[in-house]
1. Sort out which residues of the range 19-31 are within 15 Å of G68 (Cβ to Cβ) and open to solvent by 30 Å² or more (accessible area, probe 1.4 Å), and write them in order of number.
2. Within the range 61-68, does at least one residue satisfy the condition of being touching a helix residue (DSSP H, G or I) at 6+ places or on another chain (Cβ under 8 Å) and open to solvent by 70 Å² or more (accessible area, probe 1.4 Å)?
3. Name the residue that is surrounded by the fewest Cβ atoms within 10 Å (Cβ to Cβ), counting only residues in the range 42-60 that are under 12 Å from the mean Cα position of the chain (by Cα) and hydroxyl-bearing (S, T, Y).
4. Within the range 1-18, track down each residue that is farther than 16 Å from L53 by Cα and either of a type in the set (K, R) or surrounded by 12 or more Cβ atoms within 10 Å (Cβ to Cβ) (or both).
Amino acid sequence: MTKRSRDEIYASILQSAAQDSSGVGITRIMYNTFLSYSQLSESLEQLTRFRLLAYQHDNKRFKITEKGRRFMELVIEMDDILKVTGAPN
């Protein structure tokens with residue numbers, strides 16, 4: 001298994017949060033991204049600080065923001081470009 005970059009981890013968290021329009025709980029994100037609680041907590045803190053994710057206190061769920069959707073799209077696009085050019089992963 002290859003080591004994932006921070007951007008890839010962030011994109012996978014955002015993809016998980018984008019699955020449900022009402023938001024996703026931390027346990028569901030953990031299972032979808034294969035991250036430990038401590039790894040995920042650190043990443044969620046960063047993503048909310050960057051305003052890529054929003055935490056909903058009333059239902060304790062994370063919801064992707066429009067800025068987060070754009071970031072996720074750009075990471076996927078960059079990955080596709082690198083695959084086409086044959087750059088090492």
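The values are calculated or read from the model by the stated rules, or taken from the named source; none is laboratory data. All figures in this text were calculated on a predicted structure; none of them were measured in a lab. Reconstructed Cβ throughout: ideal geometry from the backbone, glycine too, with neighbour counts over all protein chains shown. We work out accessible area using only protein heavy atoms, side chains counted, and drop any ligands, DNA or RNA first. Shrake-Rupley method; radii C 1.70, N 1.55, O 1.52, S 1.80 Å.
1. Those that are within 15 Å of G68 (Cβ to Cβ) and open to solvent by 30 Å² or more (accessible area, probe 1.4 Å): Q19, D20, S21.
2. For the range 61-68, residues touching a helix residue (DSSP H, G or I) at 6+ places or on another chain (Cβ under 8 Å) and open to solvent by 70 Å² or more (accessible area, probe 1.4 Å): present.
3. T48
4. K3, R4, S5 - these are the residues of the range 1-18 that are farther than 16 Å from L53 by Cα and either of a type in the set (K, R) or surrounded by 12 or more Cβ atoms within 10 Å (Cβ to Cβ) (or both).
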